[in-house]
Amino acid sequence: MLVVFCDGDFWHGYEWESRKNRIKSNRAYWIEKIEANIRRDLKTTKQLEEMGFRVVRFWEHEIAGRLEECGDVVERMVRSVGSR
């Protein structure tokens, strides 16, 4: 079984340690919100893997810039899951 997530760069904290310093307005709110998202994403991935799922996550910019490659990854994973 396969689960695919498409994570928004801002909302899910892509390169978070350097990007969070660029937040200018409402910093406390956004930093806590995005860090909570990061924690939730890690927890969700772990829980799904413990249930036997394979999890793949793509960043927004990966999908926008290399959609076909992302599709190929999903296709390979679907085939490998099906062969188990």
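Quick notes on this one:
- Pairs meeting the criteria (first residue in region 1-25 and without any contact (Cβ under 8 Å) to a residue 12 or more places away in the chain, second residue surrounded by 13 or more Cβ atoms within 10 Å (Cβ to Cβ), beta carbons under 9 Å, at least 6 apart or on different chains) are Glu15/Asp9; Arg19/Asp9; Arg19/Phe10; Arg19/Gly13; Arg19/Ile34; Ile23/Trp30; Ile23/Ile31; Ile23/Ile34.
- Hits in region 5-32 - residues which are open to solvent by 60 Å² or more (accessible area, probe 1.4 Å) and within 17 Å of Glu60 (Cα to Cα): Cys6, Phe10, Trp11, Glu15, Arg19
Residue by residue, here is whether (1) among the small types (Gly, Ala, Ser); (2) touching a Phe, Trp or Tyr at 6+ places or on another chain (Cβ under 6 Å); (3) modelled with pLDDT under 95 holds:
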| position | (1), (2), (3) |
| --- | --- |
| Ile23 | no, yes, yes |
| Arg54 | no, no, yes |
| Arg66 | no, no, yes |
| Ser83 | yes, no, yes |
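- Filtered by the rule that a residue be surrounded by 15 or more Cβ atoms within 10 Å (Cβ to Cβ) and either of a type in the set (S, T, N, Q) or more than 23 Å from Cys70 (Cα to Cα) (or both), region 41-56 gives a lone residue, Thr45.
- Yes/no for Ile38 being touching a Lys or Arg at 6+ places or on another chain (Cβ under 8 Å), aliphatic (A, V, I, L, M), within 14 Å of Gly13 (Cα to Cα) and open to solvent by less than 70 Å² (accessible area, probe 1.4 Å): no
- Scope region 57-84; condition loosely packed, with under 15 Cβ neighbours inside 10 Å and either hydroxyl-bearing (Ser, Thr, Tyr) or not in a helix (DSSP H, G or I) (or both); matching residues: Arg57, Arg66, Ser80, Ser83, Arg84
- Near pairs, Cβ below 7 angstrom, 6+ apart or cross-chain, from region 26-53 (closer than 20 Å to Val74 by Cα) to any residue that is assigned to a loop (DSSP other than H, G, I, E, B) and hydrophobic (A, V, I, L, M, F, W, C): Gly52/Met1; Phe53/Met1
- Boolean, Ile38 is under 18 Å from the mean Cα position of the chain (by Cα), among the hydrophobic types (A, V, I, L, M, F, W, C), in a helix (DSSP H, G or I) and farther than 26 Å from Leu2 by Cβ: no
The values are calculated or read from the model by the stated rules, or taken from the named source; none is laboratory data. Predicted model only: the values in this text are computed from it and were never measured. For neighbour counting, all protein chains shown are included, and Cβ atoms are generated from backbone atoms with ideal geometry for every residue, glycine included. Heavy atoms of the whole protein, side chains included, go into the accessibility calculation; ligands, DNA and RNA do not. Shrake-Rupley method; radii C 1.70, N 1.55, O 1.52, S 1.80 Å.
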